[in-house]
1. Once you have the Kirkwood Rh of the range B:1-133 from its Cα pairs, apply Stokes-Einstein at 20 °C and 1.002 mPa s and quote D in µm²/s.
2. 7 Å from Cα along Cα→Cβ at both B:Glu130 and B:Leu190: what's the point-to-point distance in nm?
3. How much length is gained if the chain between A:Glu144 and A:Glu18 is pulled fully straight, taking 0.36 nm per residue apart and subtracting their Cα-Cα distance, in nm to one decimal?
4. Give the accessible surface of the range A:17-70 per residue, rounded to a whole number of Å², with probe radius 1.4 Å and ligands, DNA and RNA excluded.
5. Please work out the C-alpha center-to-center distance from the range B:273-293 to the range B:19-81 and express it in whole Å.
6. What percent of all Cα-Cα pairs in chain A falls in each 10 Å bin, counting up from 0?
7. Mind checking which helices in chain B clear 24 Å along their axis (Cα) and have mean Kyte-Doolittle hydropathy of 0.0 or more, DSSP H runs only?
8. What is the sum of charges around B:Lys44, taking Lys and Arg as +1, Asp and Glu as -1, for the other residues whose C-beta is under 13 Å from the C-beta of B:Lys44?
Amino acid sequence: MRLLIVEDDATLRQSLAENLREKGFTVDEAADANQGEYFAAEFAVTLAIIDLGLPDRAGTELIEALRKSGKAFPILILTARDHWQDKVKGLNAGADDYVVKPFNLDELTARINALLRRSAGHAQPIIQQGPLALDTRSEEVLVEGRPIKLTAYEYRLLQMLMMRAGQIITKAELTDQLYDQDFERDSNVVEVLITRLRKKLDPERALGLIETVRGRGYRVPDFGDQGGTA
Amino acid sequence: MPVPARSLSTRLLVTMMLLLLAAFALTIFLLDTIFQRASENAIKDLLEVQVFALIGLAEPDSQDRLTLPTQLPDARLSSLGSGLYAEIVDEQGGRVWRSPSAIGMGLADGLSVGSGQRVYQRRMLADGTEALVLGVGITWELVGDASYGFQVYVGENLAGYNRQLTRFRQQLTSWFGVVMLALLLGIGLLLRWGLAPLRRMANEISSIENGRVAELSEDYPRELAGVASNMNRLIKSERQRIMRFRTTMDDLAHSLKTPIAVLRTELERHDPDHDTLHDQVSRMQGVVDYRLRRAAATGPRTLARPPIAIAPICREIASSLRKIYREKDVQCDMHIPDGASYAAEPGDLYELIGNLLDNAWKWCAGHVELTAKRSASNESPRQAEFVLTISDDGPGVSDDQAATILHRGERGDRRGDVPGQGIGLAVVAEILELYGGAITVARSATGGAEFELRLPA
C-alpha cells in the first residue's frame, strides 16, 4: 500500500508519514505540487493525501492534473479551511474525500482504509473471503470468528491480497507496495512475510487461505459472494 | 491637460476662463473689423463727395486750362494742416492745381490713375502722417473734338481715424475684461455653492476618521444621497465586521486560556496524565473549530451585490455529498425555479446550503428534498423573501433539540466547551444573523427534519 503525501508543512508531513509507516503503509513524501506530480508519475501510488494550500500550485490544480493524466487512485484532501466552498471545489476537481486540519490520526486512517476498500470495489467495511474476515475500520482480522493478531506489515499484505481476492499479485508488486524505494529489494522479505502470515492465520494449513502460484505470485482465492462484497 | 488636477473648482474655473477668453477674443476681433470697415467707408464717402464737388467747381479758362475758384466748398481745404488735401494733375503728371492745405504734402506724387477709374490708397505724406487718398481719372471734353485728361486726388488725414480706432479698441477690451471678471466671479460663487455638499462630505468623512462623528448626515442633494447612504452602509458594516472579529478574538482567547492553563500545570507535573492532555487538546480543537468557522461567515457585501445563481451551488454540493457519503444511496430532489438567485457572498451561500444539506444527508433514510422560492414575508407582506427549505426522511428533530440546535449560534453564547457536533448549524445561524434572515425547524411530511431559511430579498 503505497501512499503519497503532498503537504508543505514539514513537521506535519513527517509525523504523518511516520505514523502511517507504523501502520504498515509505504509512504512517499512530497513538499509541493510539482514533487507530488513527479512521485505520482514515477511510483505505483495506491492513494494520495493532498493538502489544498500548497506553495507552488493550488491543491485542486494538482488533483485536476493528476486526474487529467489518467491517475485513478483515491485522493484524500487535507484542508485547514473548513469551508464548504473549498471542500466542494476539491471534491469536484476529482478528490474522493476530505479531512479538516487539525485531524485525529485514527480518523485519517479510517478514511484512508475506507477509500482503499471502496476503490477496490468493496462497499462494506468488512471484507469477507470464506473463513477469513478483514475489518477495514478496526484493522482486525478474524479467521472463523477468532481474532488474529497481526503486525502492521502483515495486515497490509493481507489487505492487499484480500481486496483483490481471486487475482494473482506478483511478488514484485507486493515488494513495491510494501517497501520504500530505497529499501533493498530482497524478494525474500515477501516470502518470509507470507510464511509468517500463513502460520498465524492457518497454522494447520487446512483452510488454503493464501495460495502460491508458482513463478507468478500469490493469491487469496475468491470464495464467492459471501456477504462481504456487495 | 497641464491644468492642475487639484480641485474640481480649479478645473472648472480654468476651463471656463479659457472658454470665455476664446469667445471674447473672437467677439472683439469681429467688432473691431466691423468698426474699421464702417469708419473707412465713412471716410471714403467723404472723399468722394469732395472729389465730385471739386470737379463741379472746375472751369476751363480762355486758354482751355482748368481753374478753381479761390473760395473752396470745404474750408478745411483752404487752411494749412487741416487734414483734408486736394490736388489736380494733368495727363503728363504735371500739377494743375492744389488746395492751399496740400502745399508741401506731396499728395499726388508718384500716383497715377487711368481715365474713368478711381483708386483708393493709403500713403504716407511728406509731413510723416498717414492719409487715405482717392484718385479719380476724368476726361474733360471741350467744344470741338479737343479733350484733356485730368486726375483729381483728395486725401484725408487718418490720424483722427487712428485715434478713434485705438480708443474704440481700448474701450472694447476693458469692457469685455470687466464682463469676464464678473462672469468668473459668478461662476466661482456658483461652484462654491454647487460643490459645497462635496466639501461637507469630505469634512464629515474626516470627522468620522477622527471618531468625532459616527456616520454621514442624510440631507445631501439627490446626486450625492446615494453615495452618502452607500458610504454609511460601508462604514456600518465595517464597524460591525470589526466588532465581530473582536468578539471572536476575545471569545477565542477566553476559551483557549483555560485549557492552556490546564496543559501547563499538567506538564509541570512529574508524570503528566496523558488522558488529561488529550482532553485539553480536544477541547482546544473544539473551540478553534467552533469560533473560527463561525467567524468565517463573510456577511452581506455592502456595495454592489451581484446575485448568485442558486441551482449550480446546490448541484455542486449534492455531487460532493454523494462522494462523501458514497455508501449511502440518497435520492435528492431539488425544486429550484429557473434562474433563482440571491445576492450574497458565494462563500456564505455555500456554507448555508452545504451545512444543511450535509445534515440532511447524514440523517436521512434515503430521501432529501430541497426547495428554493421567492415569497412574501410573513411579517410584512410587501417585503419579498428568499425561502430555502431542506428536508429529509430521517428521525427528525424534537422540539427540545430544535431549541438547542438553533440557539447555539446566537450571540452571547460564550461557552468554551462547545461540542464538535452542531457547528454547521451554528455557522448557518451566524450567517443568517448577518443577512437578517431566520431559520425554523419543523417536522417534514415524511417525519424527518425540515429546515426553512428565510432571507430578505
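The values are calculated or read from the model by the stated rules, or taken from the named source; none is laboratory data. Given the structure is predicted, the values throughout are model-derived calculations rather than measurements. No Cβ is skipped: glycine too gets one built from the backbone with ideal geometry, and neighbour counts run over all protein chains shown. For the accessible areas, the whole protein counts, side chains as well, though only heavy atoms, and no ligand, DNA or RNA atoms are used. Shrake-Rupley method; radii C 1.70, N 1.55, O 1.52, S 1.80 Å.
1. On the way: Rh = 18.8 Å.
Once the numbers are plugged in, D ends up at 114 µm²/s.
2. In this crude label model, B:Glu130 to B:Leu190 measures out at 4.0 nm.
3. Details: separation 126, 0.36 × 126 = 45.36 nm, distance 3.31 nm.
In short, 42.1 nm is gained.
4. Working: 2230 Å² over 54 residues.
Computed with neighbouring chains in place, this is 41 Å² per residue.
5. 114 Å
6. Per 10 Å bin, starting at zero, the Cα-Cα P(r) for chain A comes out as 8, 33, 34, 19, 6, 0 percent.
7. Membrane-span-like by this criterion, though nothing is claimed about a membrane: B:8-57, B:159-194.
8. Working: positive: B:Arg37, B:Arg118, B:Arg122; negative: B:Glu40, B:Asp45, B:Glu48, B:Glu156.
For residues surrounding B:Lys44, the net value is -1.
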